[in-house]
1. Which numbered condition trips up residue 95, out of (1) of a type in the set (Val, Ile, Thr); (2) within 24 Å of residue 125 (Cα to Cα); (3) open to solvent by 30 Å² or more (accessible area, probe 1.4 Å)?
2. What do you reckon, is residue 112 among the polar types (S, T, N, Q) and open to solvent by 20 Å² or more (accessible area, probe 1.4 Å)?
3. For the condition within 21 Å of residue 145 (Cβ to Cβ), open to solvent by less than 20 Å² (accessible area, probe 1.4 Å) and charged (D, E, K, R), what is the one hit in 102, 79?
4. If you check every pair at least six apart or on different chains, which have Cβ atoms under 8 Å apart with a residue in the stretch 148-164 that is in contact (Cβ under 8 Å) with a residue 40 or more places away in the chain first and a residue that is of a type in the set (A, V, I, L, M, F, W, C) and open to solvent by 60 Å² or more (accessible area, probe 1.4 Å) second?
5. Checking residue 153 against (1) over 20 Å from residue 67 (Cβ atoms); (2) surrounded by 12 or more Cβ atoms within 10 Å (Cβ to Cβ); (3) of a type outside the set (A, V, I, L, M), only one condition comes out false. Which one?
6. Residues to consider are 28, 43, 66, 33; find the one that is open to solvent by 90 Å² or more (accessible area, probe 1.4 Å) and more than 30 Å from residue 136 (Cα to Cα).
7. Being out of contact with any helix residue (DSSP H, G or I) (no Cβ under 9 Å at 6 or more places or on another chain), among the basic types (Lys, Arg), surrounded by fewer than 13 Cβ atoms within 10 Å (Cβ to Cβ) and farther than 15 Å from residue 82 by Cα, is that true of even one residue in the stretch 121-128?
8. If I filter the stretch 12-19 for residues that are closer than 30 Å to residue 151 by Cα and not β-branched (Val, Ile, Thr), do I get at least one hit?
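The values are calculated or read from the model by the stated rules, or taken from the named source; none is laboratory data. Just so we're clear, the structure is a prediction, and the values are computed from it rather than from any experiment. All Cβ positions, even for glycine, are placed from backbone atoms using ideal geometry, and neighbour counts span all protein chains on display. Keep in mind that these areas ignore ligands, DNA and RNA; they rest on the heavy atoms of the full protein, side chains included. Shrake-Rupley method; radii C 1.70, N 1.55, O 1.52, S 1.80 Å.
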Amino acid sequence: MEKRRIRCLAFPFITVCVLCLVVFMIVLNVFLLVFEPSRMAFLEHIPMFICWIIFTYGLTIATLVLMAKPLLSIINIDETGVSRAFLGKFWKLHISWDDMAEARFYTAVSNQMVFSKTKKLGAIPMGKWHKEKDIIFVGFSKKRYEVISLYLQQSMVGMPVKLKDKLSQNNTKS
């Protein structure tokens with residue numbers, strides 16, 4: 001059996017989008033403070049200026065703080081199992097293939113693969129999955145699924161049959 005390993009961000013597309021939002025908010029604020037008419041308008045209405053700064057920087061900081069752990073988690077998929085660590089160092093969680101209670105395909109904003117260490121995900125309401133400490137969320141991609149299917153000893157619950165057939169056909173062609 002060939003050994004393969006993937007190390008990646010949990011949700012690369014969403015991470016890039018959030019970082020673009022942060023950069024946009026910073027550039028917008030700098031532009032508004034440098035551009036003469038907007039600066040004069042803000043200086044005439046100090047409460048509006050204070051509200052604008054609190055809103056834009058507050059929104060930016062809140063987005064970064066609330067989204068940091070899921071967006072900056074590094075996922076390792078290899079022969080030992082699936083592991084997640086914030087920035088590759090902190091809040092580590094490892095689920096070995098033998099200890100995995102359930103693997104599930106899930107569609108929310110994007111397609112995701114969800115791995116649980118101790119509980120069946122069907123017993124937990126979907127809205128509470130993110131609060132569980134022993135669950136790893138991984139954004140779906142063909143490469144990730146190929147590596148996971150090499151090692152996963154159970155079937156992935158909730159995977160659409162058409163998608164599974166399409167992926168298996170692509171594997172047989174290669």
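1. In the conditions (1) of a type in the set (Val, Ile, Thr); (2) within 24 Å of residue 125 (Cα to Cα); (3) open to solvent by 30 Å² or more (accessible area, probe 1.4 Å), residue 95 misses (3) alone.
2. On the way: among the polar types (S, T, N, Q): yes; open to solvent by 20 Å² or more (accessible area, probe 1.4 Å): no.
No: the conditions fail for residue 112.
3. Details: 79 fails: open to solvent by less than 20 Å² (accessible area, probe 1.4 Å).
Result of the check over 102, 79: 102.
4. 150/1
5. The number of the failed condition is (2).
6. Working: 28 fails: open to solvent by 90 Å² or more (accessible area, probe 1.4 Å); 66 fails: more than 30 Å from residue 136 (Cα to Cα); 33 fails: open to solvent by 90 Å² or more (accessible area, probe 1.4 Å).
One residue alone meets the criteria, 43.
7. Scanning the stretch 121-128 turns up at least one residue that is out of contact with any helix residue (DSSP H, G or I) (no Cβ under 9 Å at 6 or more places or on another chain), among the basic types (Lys, Arg), surrounded by fewer than 13 Cβ atoms within 10 Å (Cβ to Cβ) and farther than 15 Å from residue 82 by Cα.
8. Looking only at the stretch 12-19, we keep the residues that are closer than 30 Å to residue 151 by Cα, and these are 12-16.
Next, only the ones that are not β-branched (Val, Ile, Thr) stay: 12-13.
Checked the stretch 12-19: at least one residue is closer than 30 Å to residue 151 by Cα and not β-branched (Val, Ile, Thr).
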